[in-house]
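The structure appears below as structure tokens.
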Protein chains: 2
Amino acid sequence: MATATVHPNIALVKYWGKRDRDLNLPSTGSLSMTLSDFATTTSVVFGAAQDEVMINGELATGLPASRVLKHLDLIQPDRAPARVVSTNNFPTAAGLASSSSGFAALTLAALKALNIDHTPAQASILARQGSGSASRSIWGGFVEWRRGVKKDGTDSHGLHIAPPDHWKLNMVIAVVDQGQKSVGSTEGMLRTMATSPMYSAWVSSWQKDLDGARQGILDQDLEMVGRAMEASTLKMFATMFTSSPPIRYWRPASVAIQDEVSKLRKAGINCWWTMDAGPNVKVLCEPEDAPAVADALQHHVEDVHTLGVGGHPVVEE
Amino acid sequence: MATATVHPNIALVKYWGKRDRDLNLPSTGSLSMTLSDFATTTSVVFGAAQDEVMINGELATGLPASRVLKHLDLIQPDRAPARVVSTNNFPTAAGLASSSSGFAALTLAALKALNIDHTPAQASILARQGSGSASRSIWGGFVEWRRGVKKDGTDSHGLHIAPPDHWKLNMVIAVVDQGQKSVGSTEGMLRTMATSPMYSAWVSSWQKDLDGARQGILDQDLEMVGRAMEASTLKMFATMFTSSPPIRYWRPASVAIQDEVSKLRKAGINCWWTMDAGPNVKVLCEPEDAPAVADALQHHVEDVHTLGVGGHPVVEE
């Protein structure tokens with residue numbers, strides 16, 4: 001038996017679209033910040049009477065259970081029946097990145113339980129095949145997920161850009177809606193790839209955003225990171241809006257918070273927004289500005305979380 | 001002296017971007033519905049003591065006045081001083097298409113006052129040079145604005161697709177904000193052309209929307225028109241969102257109304273939304289559904305107008 005506690009990550013430069021669906025290889029590179037406080041804790045024990053998956057205290061069935069078990073099959077094809085117990089201390093599946101920490105924790109706990117030696121990059125490649133964004137939650141701090149060019153995906157994994165203590169940034173999360181999103185990420189990506197006339201422009205224009213965000217992180221230049229993040233975010237949503245039928249995750253409160261961030265910036269507060277496949281808005285700022293940002297966001301939604309930069313996974317037997 | 005009364009038009013397939021700025025030649029074809037009720041009435045008299053432009057009861061100065069006078073210079077380069085009096089019976093410059101009726105009325109009144117013989121296409125070419133969308137307000141009913149391919153713009157003018165009585169559609173307009181828009185159309189187009197990585201996809205993908213909307217109008221097939229209109233609208237906004245800095249005309253109420261239209265459609269009401277360079281939302285539907293649509297929109301904004309298909313310009317001496 002082994003247990004892994006892993007923080008989710010939020011993409012500052014976005015992942016949307018796959019160059020290989022089976023191997024979960026992305027069409028673009030991406031870059032994330034690992035979050036503090038929010039975490040998934042997952043225990044895996046092999047040698048149970050039969051496969052069993054508990055998620056947030058309930059027996060999982062259907063797709064959520066089969067995705068977990070299929071992932072264990074990938075890590076060890078001839079494995080024994082397993083019992084998996086996974087708990088999030090934050091809302092699941094509303095664009096709060098629970099699948100990033102979920103599949104990273106599952107990967108690290110299973111590798112440990114099976115005593116499989118591995119590098120972080122090897123764990124990242126396995127985690128990627130469970131859920132793309134999980135490839136970035138193998139480290140704390142700031143992580144790039146290389147697009148890679150190889151067909152087998154061996155060069156498409158996380159790269160550690162900067163450790164958690166490199167830069168004490170804050171991310172203020174406005175929870176517009178806790179519910180399950182209307183269109184799941186994988187379904188949304190496939191629809192975008194098949195139908196959006198803007199998709200090829202997305203795939204050919206991400207490198208500049210990634211280079212800008214990476215340099216901004218290394219230089220601790222929030223405006224540089226923020227500009228790259230907002231550009232990447234809006235391009236991703238442009239591909240969603242132009243899919244057929246259109247994918248519209250924005251709610252009125254999402255736009256109200258976008259406007260609020262513009263207003264805060266005009267008032268001299270250096271802050272920048274991003275969103276993912278869901279209506280919630282995440283605002284990046286320096287810790288000294290986080291209380292003012294959180295106050296402003298609380299005019300629009302009840303549920304606001306201020307998080308810092310999260311640490312590395314913790315894995316125990 | 002001559003007076004023209006002209007209805008504004010709302011693009012169902014959008015115009016955004018210029019292939020020639022001086023001649024106001026568009027990068028894409030577009031297609032519109034002329035609105036009933038809303039109108040601009042413009043009188044022009046040549047031989048005044050000096051140039052004078054009155055707009056909505058006030059003496060115009062600066063850019064609004066010089067655009068009007070420059071347009072008269074275009075129509076007759078060696079003209080006498082002119083007095084122009086123009087009045088809108090609807091809000092000016094908030095994405096309610098006042099420049100479409102404004103420059104079409106100015107063109108038609110000036111041509112009449114000068115006794116210049118002209119075809120509607122010739123008037124459309126002149127109106128286009130005042131404001132692109134004005135090229136479509138030379139007719140009532142449904143009008144296509146051909147992109148054209150000639151450098152001199154002589155093939156880029158309106159084409160009358162169907163007369164006002166062809167199809168009794170309604171457009172329900174939700175006025176989210178009556179104020180001047182944050183970024184003017186020309187400035188927004190130039191920024192999009194210079195900075196959006198999605199712009200070339202927009203320019204290479206409009207023909208399908210135009211063909212769909214045209215066929216839908218000829219067949220009186222609202223779903224066909226609606227799908228083409230929403231796709232064209234969302235692609236246009238995708239280019240705006242991905243401009244640098246981003247152009248964001250959507251307000252929270254704009255998104256609330258987009259959601260409302262989705263809800264109405266799920267409830268069996270055949271209705272479709274569009275927006276222009278501003279926060280207002282226009283919903284296309286059959287007349288028998290207009291009261292239900294207007295009721296639903298009034299939950300989000302106070303100011304809702306239900307308009308029909310407008311007639312041809314009226315020009316009098």
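The values are calculated or read from the model by the stated rules, or taken from the named source; none is laboratory data. Quick caveat, the model's predicted, so the values are computed rather than measured. Every residue, glycine as well, gets a Cβ built from its backbone with ideal geometry; the counts of neighbours run over all protein chains shown.
Okay, here's what the table says:
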| item | result |
| --- | --- |
| Verdict on A:ALA194 being assigned by TED's automatic domain parsing to the domain that holds A:VAL293 and surrounded by fewer than 17 Cβ atoms within 10 Å (Cβ to Cβ) | yes |
| Condition met for B:ALA80 (surrounded by 17 or more Cβ atoms within 10 Å (Cβ to Cβ), outside the structural domain of B:VAL203 (by TED's automatic domain parsing) and not in a strand (DSSP E or B)) | no |
| Set A:ALA228, A:ALA213, A:ALA277: member being over 17 Å from A:VAL301 (Cα atoms), within 14 Å of chain B (Cβ to nearest Cβ), buried (at least 22 other Cβ atoms within 10 Å of the Cβ) and not polar (S, T, N, Q) | A:ALA228 |
| When residues of segment A:253-263 are limited to those that are more than 10 Å from chain B (Cβ to nearest Cβ) and out of contact with any Phe, Trp or Tyr (no Cβ under 7 Å at 6 or more places or on another chain), the one farthest from B:PRO245 (Cα to Cα) | A:GLU260 |
| Members of segment B:133-152 found to be surrounded by fewer than 19 Cβ atoms within 10 Å (Cβ to Cβ), in contact (Cβ under 8 Å) with a residue 24 or more places away in the chain and either closer than 16 Å to B:HIS7 by Cα or over 15 Å from the mean Cα position of the chain (by Cα) (or both), listed by number | B:LYS151, B:ASP152 |
| Qualifying residue in segment B:264-271 (condition: within 14 Å of chain A (Cβ to nearest Cβ), free of Cβ contacts under 8 Å to residues at least 60 places away in the same chain and either in contact with a Ser or Thr (Cβ under 9 Å, 6 or more places away or on another chain) or assigned to a loop (DSSP other than H, G, I, E, B) (or both)) | no |
| Hits in segment A:231-252 (condition: more than 7 Å from chain B (Cβ to nearest Cβ) and part of a helix (DSSP H, G or I)) | A:SER232, A:THR233, A:MET236, A:THR239, A:MET240 |
| Checking B:LYS181 against (1) touching a residue at least 24 places away in the same chain (Cβ under 8 Å); (2) out of contact with any helix residue (DSSP H, G or I) (no Cβ under 8 Å at 6 or more places or on another chain); (3) in the same structural domain as B:GLY268 (by TED's automatic domain parsing); (4) over 30 Å from A:ALA228 (Cβ atoms), the condition it does not meet | (4) |
| Those residues of segment B:7-27 which are of a type in the set (Gly, Ala, Ser) and in a strand (DSSP E or B), in sequence order | B:ALA11 |
| Selected residue (only one of A:PRO291, A:PRO313 is away from chain B (no Cβ under 14 Å) and buried (at least 22 other Cβ atoms within 10 Å of the Cβ)) | A:PRO313 |
| Of all residues in segment A:1-57 being under 23 Å from A:LYS282 (Cα atoms) and charged (D, E, K, R), the one that is surrounded by the most Cβ atoms within 10 Å (Cβ to Cβ) | A:LYS14 |
| Complete set of residues in segment A:143-157 that are in a strand (DSSP E or B), closer than 11 Å to A:GLY29 by Cβ and not charged (D, E, K, R) | A:TRP145 |
| B:ASP51 vs. criteria among the charged types (D, E, K, R) and without any contact (Cβ under 8 Å) to a residue 12 or more places away in the chain | no |
| Qualifying residue in segment A:248-257 (condition: touching a Leu at 6+ places or on another chain (Cβ under 9 Å) and either hydrophobic (A, V, I, L, M, F, W, C) or surrounded by fewer than 21 Cβ atoms within 10 Å (Cβ to Cβ) (or both)) | yes |
| Inter-residue pairs, beta-carbon under 8 Å, first outside the structural domain of B:LYS151 (by TED's automatic domain parsing) and in segment B:20-31, second of a type in the set (D, E, K, R), 6+ apart | none |
| Residue in segment B:108-131 that is part of a strand (DSSP E or B), touching a helix residue (DSSP H, G or I) at 6+ places or on another chain (Cβ under 8 Å) and not hydrophobic (A, V, I, L, M, F, W, C) present | no |
| Residue ID - farthest from B:THR5 (Cα to Cα), chosen from residues in segment B:294-317 that are part of a loop (DSSP other than H, G, I, E, B) and under 16 Å from the mean Cα position of the chain (by Cα) | B:GLY308 |
| Which listed residue is without any contact (Cβ under 8 Å) to a residue 40 or more places away in the chain and closer than 26 Å to A:VAL261 by Cβ, from A:ALA162, A:ALA201, A:ALA174 | A:ALA201 |
| Conditions (1) farther than 21 Å from B:ALA253 by Cα; (2) surrounded by fewer than 15 Cβ atoms within 10 Å (Cβ to Cβ): number failed by A:VAL283 | (2) |
| Residue match in segment B:84-92 (condition: part of a helix (DSSP H, G or I), buried (at least 19 other Cβ atoms within 10 Å of the Cβ) and hydroxyl-bearing (Ser, Thr, Tyr)) | no |
| Subset of segment B:176-206 (residues that are over 18 Å from A:SER200 (Cα atoms) and either in contact with a Leu (Cβ under 8 Å, 6 or more places away or on another chain) or within 14 Å of another protein chain (Cβ to nearest Cβ) (or both)) | B:VAL176, B:ASP177, B:SER182, B:VAL183, B:ARG191 |
| Scope segment B:59-77; condition under 15 Å from B:LEU108 (Cα atoms) and not in a helix (DSSP H, G or I); matching residues | B:GLN76 |
| Unmet requirement for B:GLY158, which otherwise passes all of (1) of a type in the set (Gly, Ala, Ser); (2) more than 24 Å from B:VAL309 (Cβ to Cβ); (3) buried (at least 22 other Cβ atoms within 10 Å of the Cβ) | (2) |
| Qualifying residue in segment A:201-213 (condition: over 21 Å from the mean Cα position of the chain (by Cα), modelled with pLDDT of 95 or more and more than 26 Å from B:ALA228 (Cβ to Cβ)) | yes |
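Yes or no, residue by residue, for (1) under 18 Å from B:SER124 (Cα atoms); (2) touching a Ser or Thr at 6+ places or on another chain (Cβ under 9 Å); (3) not small (Gly, Ala, Ser):
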site	(1), (2), (3)
B:MET54	no, yes, yes
B:LEU59	no, no, yes
B:LEU63	no, no, yes
B:SER66	no, no, no
B:PRO81	no, no, yes
B:SER86	no, yes, no
B:ALA97	yes, yes, no
